[in-house]
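**Student:** The structure is given below, and queries will be raised subsequently.
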Amino acid sequence: MPRMADCLFCRIVAGDVPASVVRETERTVVFRDIAPQARTHLLVVPREHHQDAAALAGADPGLLAALVTDAAQAAAVDGIDRSGYRLVFNTGPDSGQTVFHVHLHVLGGAPLGHFGEPDFGEHRRPSGG
Ligand code: AMP
C-alpha cells in the first residue's frame, strides 16, 4: 500500500508534515518522536503504508528487516549503539498503538525502566499453573 492521505506518518514521509528527520533511505525514514519517552526516542517507518509489524511481515519481510537495520544505524548516529537501546513495535489497543502506520520505536540514552504491565507480578500465576 503506497500512501494513505489521512495517515500522519505517510504525510511526514511525503514532507507534508514537518518532522526532525535523522536518517532517510530509499525505503525508510527515521525521525525523532515528538513526545519522547527516553533521552533518545526515534521512530523508524517504511515509506510504504502498512498498518503494523504483523501486516508488514506478511507483505514484505525484507522491509521489516530494513527497519531493524536502520534502527541500529540511527542508534549509532545518536551514539547509543554501545550503551544499548530498546526496539518496540506497538500493535493494537492494549499496546497503546495510536498511529496505524507501522513504526519501530528506538529508545535509549540512559538505563530504561522495566517494561510490560505495571504490577503484573501480583497477577502472575504460580509456575506450571
Ligand atoms: P504508538 O503509540 O506506538 O502508535 O506511537 C506513535 C508515536 O508517534 C508516539 O510516541 C507519538 O509521540 C509519536 N508522534 C505523534 N505525532 C508525531 C509527530 N508529528 N512527529 C513525531 N512523532 C509523533
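Every number here is computed from the coordinates shown, using simple stated rules; none is lab data. The model shown is predicted, which means the values in this text are computed figures rather than measured ones.
**Student:** Find the relative contact order for the chain and round it to a whole percent, using C-alpha pairs within less than 8 Å whose residues are 6+ positions apart.
**Tutor:** Values: 185 pairs, mean separation 34.7, N = 129.
Worked out over the chain, it gives 27 percent.
**Student:** For the chain, what percent of Cα pairs sit more than 19 Å apart?
**Tutor:** For the chain, the share of Cα pairs beyond 19 Å comes to 52 percent.
**Student:** With axes computed from alpha carbons, what is the tilt in degrees of helix 61-77 against the longest principal axis of the chain, rounded to the nearest 10 within 0 to 90?
**Tutor:** It works out to around 90 degrees.
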